[in-house]
Each structure stands twice: as structure tokens, then as C-alpha cells.
Amino acid sequence: MKFQAALLALCLSGSSAFAPQTLNHRSSALYASPNPPPFQPGTKTPPPPPPPKSTVDPSTITNIWNEETAEAVQGSSLRTWSFMSNAVERVQVLMKTEGRPLNADVELWQGPDNSPQKMSVYLEDGDDRTFSAIIESPRGSNTVAIRNTANLEFPLLTTVEPDILNGQTPPLAAASRELVQKRGKVVQGGAIMTYPFDPTVQKVSIVMKTDGRPLNARLELLQGPNNNKQVVDVYTEDGMERPFIIILDTPGTGNVVRIINTSTVEFPLTATVEPFLIENFTGEDALSQGQGSLQRRALAGGDFFAPRVPR
């Protein structure tokens with residue numbers, strides 16, 4: 001009897017070791033978490049925090065030209081701008097004409113015979129669609145060179161400004177800091193991506209970068225079948241350190257942005273193409289111009305483009 005009683009007491013005391021126990025988050029350092037308690041049925045979950053708003057107002061980019069600081073580059077001539085300060089990390093490059101075509105080569109020089117970034121630019125109308133780009137210039141001793149490859153009858157106006165000018169940051173250089181941080185879509189070597197836009201989109205921001213490999217790409221702005229309004233052939237030695245940033249003017253209807261990765265399949269790139277400035281129509285103006293549906297989409301925050309991959 002004593003042996004049975006002792007065996008029964010031992011079983012009762014050992015059974016508590018296998019009994020389910022509730023985990024105390026406060027008493028265990030391993031499972032301690034600052035998160036709130038688990039969700040209980042019948043209760044409402046708090047809404048997620050809103051995404052951070054952009055600190056750059058796109059409306060400030062509508063007129064970034066300063067005729068007083070613009071310099072003329074005659075046809076078949078070269079003009080350079082040197083920045084020796086290490087504080088200058090990016091340079092804002094603007095080019096336009098008086099309505100004539102624009103053909104120019106833009107290069108970044110860093111040391112003798114070293115051009116880590118090159119661009120070949122063509123604009124059908126340098127007044128209707130200006131060239132606005134950002135060139136990354138880290139580690140100082142950088143020089144931006146612009147060569148007007150057109151004839152003498154086709155001069156161009158250009159403005160090259162650092163990201164720090166009189167203690168202030170130019171609007172385009174300030175916007176580039178947020179554009180680079182956005183996620184993009186991978187474009188494999190030899191692939192083509194197209195992005196059509198609605199007529200309400202007046203400016204488009206484009207960022208192309210890599211994971212540290214070289215970047216070779218061709219950017220085209222089309223308005224109709226095989227009607228190139230703007231073409232930019234870009235080369236970057238390091239697509240992560242010096243991404244390609246540009247803002248295209250897209251006036252009128254039927255605008256399509258086409259990106260061609262001219263490298264081989266071993267060199268993919270990441271492209272981000274988004275509307276940068278959208279024109280606001282009033283109700284009467286939208287109906288008179290046949291833009292009623294576009295206005296409703298703008299008020300509803302709908303998408304203004306859909307990427308397409310050619311078959």
C-alpha cells in the first residue's frame with residue numbers, strides 16, 4: 001500500500017510538467033518583444049501609418065531656367081565646368097535651344113583620360129522639350145564637359161550648377177535624392193521596356209542604376225510610331241555610384257518612354273519610370289478638352305501609365 005501511494009504521488013507531481021502552460025512575455029527575455037499583445041477576435045486593428053510624404057514640390061520644377069546664368073555653346077565647340085570641392089556630390093545639367101534641334105555630348109571627367117559617365121543627347125525641339133539631368137560627382141576634382149556636335153547654325157544654352165549653390169540646393173538636385181531611393185523594375189541585357197503616359201502627365205522622372213556593374217542604355221521619348229522626340233545614349237562606369245537621373249518633358253498626347261538595355265545579358269539594370277508633374281484640370285476645362293475621365297482618375301489617385309514588355 002505504501003508503495004502504491006508513493007507511486008501515485010510521483011505520477012501526480014510529474015504530470016504537471018506536461019501540462020500546457022501560457023507563455024509569459026514579460027518574464028522571458030528570449031521572447032520579449034515591444035509588439036502589442038496578439039490580436040483578439042472582435043477587436044479592430046489600428047490602421048497602418050501613412051507613408052512619408054515627399055519633401056520636394058514638383059511644381060517648383062516647372063520653370064528652373066535662369067537666363068542670367070545660362071551660357072551659350074556654339075556649334076562644334078566645347079565648354080567645361082570644373083568642381084574641385086569634395087562637398088559637391090552631384091551636378092545639375094540643363095540644356096535647351098530656341099526651338100531648333102539639339103545634338104550634344106555630355107561627359108563627366110575625373111582625372112586624365114577618365115570619363116566615368118558619358119551621354120549622347122538628341123532633342124527634336126530644344127525649346128518644347130528641354131534636357132534636365134543629374135550627374136553624380138563624388139570625391140571631388142570632377143569636370144562636366146558639354147560638346148555641341150551640331151553645326152554652327154545650331155547653338156544651345158546650358159546651365160551647370162552644383163547641388164550646393166549659395167547655401168541652397170537647386171530643386172532638381174534636391175528631387176534626385178528621393179528619386180534614387182525608389183524601387184524600380186529590372187531590365188535584363190538586350191531587353192526593351194515601354195511606358196505610355198496620359199496627356200495629363202507633363203514631366204516624367206527616370207532613374208536607371210545597377211548593382212555596381214557598368215550601365216549601357218538607350219532612352220527614347222516617342223510620340224507616334226517611330227517618331228523620336230528625344231534620345232539619350234548613356235554609359236556609366238558604375239551604375240550604383242553614378243546612377244542616371246533625368247526628367248523628361250512630355251507635352252501633348254501619345255507620349256511613350258522606351259528603355260533599351262544595350263548591354264549583354266550579364267549586365268541588367270534597374271529602371272524607375274514615374275510621373276513627376278501632372279497637370280491639374282478644372283471640371284470645365286477637363287470636359288471641354290475631353291479629359292473628364294482623366295480628371296476623375298487624377299482625383300482618385302489612379303495609375304497614369306502601365307509598363308509594357310514587347311513580345
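Bear in mind that the values in this text are calculations on the coordinates, not laboratory data. If you're wondering where the values come from, they're calculated on a predicted model, not measured in any experiment. Please note: Cβ atoms are built from the backbone with ideal geometry, for glycine as well, and neighbour counts cover all protein chains shown.
Please report the projected area of the range 73-183's Cα convex hull averaged over all directions, in nm².
7.6
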Which length gain, in nm to one decimal place, applies between GLN74 and ASP211 when the Cα-Cα distance is subtracted from 0.36 nm times their residue separation?
45.6 nm
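What's the Cα-based Rg to Rh of the range 122-277, Rh via Kirkwood?
Ratio value, two decimals: 0.95.
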Extension reserve of the ASP127-ILE164 stretch, reckoned as 0.36 nm per residue once the Cα distance is removed:
10.7 nm
To make sure I understand the rule: partners must be aspartates and glutamates, Cα under 19 Å from the Cα of LYS209, and not fewer than 8 residues away in the same chain. Which ones qualify?
GLU89, GLU107, GLU136, GLU178, GLU220, ASP233, GLU237, ASP238, GLU241, GLU266, GLU274
About the Cα centre, and with charges only on the beta carbon of Lys, Arg (+1) and Asp, Glu (-1), how big is the dipole of the range 60-300? Nearest 20 debye, please.
640
